[in-house]
Amino acid sequence: MIKTELGEIKKLYTQKKCSIQRIAGCLVDGDKNKQATFARSFLGIPEEEMFKYFEILRKPLSGNPGKTCIDLTFPLEETTEDSPQGFLLKLRDSALKDDALLDEYYSKIISAFEYVGSYLIMVVHDVYDVPGVTNDGIEMDDASSEIYDYIYTVICPVNLSEPGLCYDAATGEFHNRVRDWVVELPIKAFLYPAFNDRCADISSMMYYSKDAENLGEEMMDLLFGFKMPLTAGGQKETFQAIVEETLGETCEFEAVKNIHEKMAELIEEHKEELKPLVLDKNEVKNLFATSGVVNEKMTEFDEHYEKAAGVDTPIYMSNVYNTRSFDVKTPDVTIKVKPDRTDLIGNRDIDGRPCLVVELNGDVEVNGIAVRSGSHNHTEE
């Protein structure tokens with residue numbers, strides 16, 4: 001799912017647009033015991049409580065595609081009723097009205113999810129009448145083009161509120177505040193089917209993890225049979241390894257800067273596209289070749305890529321390209337410039353020593369003090 005599709009579902013969680021049919025949940029304690037369960041019509045929830053549910057449901061849909069929000073695809077051959085995909089379809093089609101099916105779903109999650117403390121498993125069923133869209137991207141509420149029937153699961157920590165004093169207005173006194181169990185914002189979430197191309201994609205699931213570097217690989221494997229992709233940090237480290245291994249002894253300042261500049265060009269070319277820019281092995285290879293990596297180094301590219309990333313591992317450009325700064329680090333010095341101003345930094349041998357040279361362009365400050373840039377000769381009269 002792309003950002004606009006996540007945003008479209010997120011906008012449903014308001015009192016005006018809400019179409020949620022039913023909500024169900026299970027409170028789990030630190031020993032994996034089911035403490036309480038509930039299931040009810042969502043529209044019967046009091047208004048002041050409904051807003052709290054909306055806040056919880058919206059949070060995962062604010063994540064970043066390719067980083068905290070990941071599309072996962074079921075194998076095509078696993079569509080039987082007993083498969084994880086078949087179970088999810090059966091749960092969706094039950095509209096959360098089958099208590100035995102819900103209880104089985106809770107048990108599956110509890111068995112696979114490792115967490116220290118209590119948490120709430122909350123599931124909603126929604127049927128969204130997807131409006132048509134004009135060529136200009138304007139929604140036409142009276143021109144429905146699709147029905148999106150889905151279930152959305154969030155897992156929220158449940159913790160005691162902080163201790164403290166509270167003021168009793170009736171007595172004018174301060175007392176110890178009663179500590180309550182508070183449902184916090186989700187740390188994991190599953191949206192099934194995924195809302196791809198503004199319609200239900202039963203072969204895919206949108207998965208959210210609050211911690212982009214702890215995706216919960218074991219849980220998703222046990223629960224749904226997914227093999228998780230590299231984390232955002234893993235993609236960055238893998239890309240860096242591919243650059244270093246491919247360039248070898250030619251991995252010098254100018255060579256890496258050239259790759260950075262070519263990445264910037266690619267981002268500029270694709271800036272109007274809604275989908276994130278994702279590179280496969282051949283696209284990374286072409287990136288290197290057009291950045292000036294010598295042919296003899298490119299002959300070993302496939303081997304280095306597959307060793308570091310595997311054959312089919314995609315790399316999100318947003319995970320490997322820093323849009324905020326171009327950084328050059330030594331043990332004692334760090335230089336940061338805007339990504340599009342790498343021309344301000346160069347390397348040069350001065351008095352037989354390799355040096356980084358930074359062009360002083362415009363106003364210059366040292367510890368907040370404005371100083372003159374460039375060379376100035378002063379003579380006494």
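The values are calculated or read from the model by the stated rules, or taken from the named source; none is laboratory data. Quick caveat, the model's predicted, so the values are computed rather than measured. Cβ sites come from the backbone with ideal geometry, for glycine too, and all protein chains shown count toward neighbours.
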*asked:* Suppose we keep only residues that are under 18 Å from Tyr316 (Cβ atoms) and surrounded by 14 or more Cβ atoms within 10 Å (Cβ to Cβ) within region 252-269. Which one would you say is nearest to the chain's Cα centre (by Cα)?
replied: Ile267
*Does Asp302 meet the test of being closer than 22 Å to Ala241 by Cα, part of a strand (DSSP E or B) and acidic (Asp, Glu)?*
no
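Given Ile56, Ile45, which one is touching a helix residue (DSSP H, G or I) at 6+ places or on another chain (Cβ under 8 Å), of a type in the set (A, V, I, L, M, F, W, C) and either under 30 Å from Lys236 (Cα atoms) or assigned by TED's automatic domain parsing to the domain that holds His125 (or both)?
Just a single option satisfies the conditions, and that option is Ile45.
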*Of these, Ser373, Ser318, which one is within 33 Å of the chain's Cα centre (by Cα) and of a type in the set (S, T, N, Q)?*
Ser318
*Assuming Glu244 fulfils every condition listed in (1) over 29 Å from the mean Cα position of the chain (by Cα); (2) under 29 Å from Ile335 (Cβ atoms); (3) surrounded by 12 or more Cβ atoms within 10 Å (Cβ to Cβ); (4) not hydrophobic (A, V, I, L, M, F, W, C) apart from one, which condition is it?*
(1)
_I need every pair where a residue in region 315-336 that is β-branched (Val, Ile, Thr) has its Cβ under 9 Å from the Cβ of a residue that is assigned to a loop (DSSP other than H, G, I, E, B) and surrounded by 11 or more Cβ atoms within 10 Å (Cβ to Cβ), sequence separation at least 6 or different chains._
Ile315/Leu230; Ile315/Asp280
*Would you confirm whether any residue within region 64-73 is out of contact with any helix residue (DSSP H, G or I) (no Cβ under 8 Å at 6 or more places or on another chain) and in a helix (DSSP H, G or I)?*
no
_Step by step: first the residues of region 174-214, then only those that are free of Cβ contacts under 8 Å to residues at least 40 places away in the same chain and basic (Lys, Arg), then the one that is nearest to Tyr152 (Cα to Cα). Which residue is that?_
Arg179
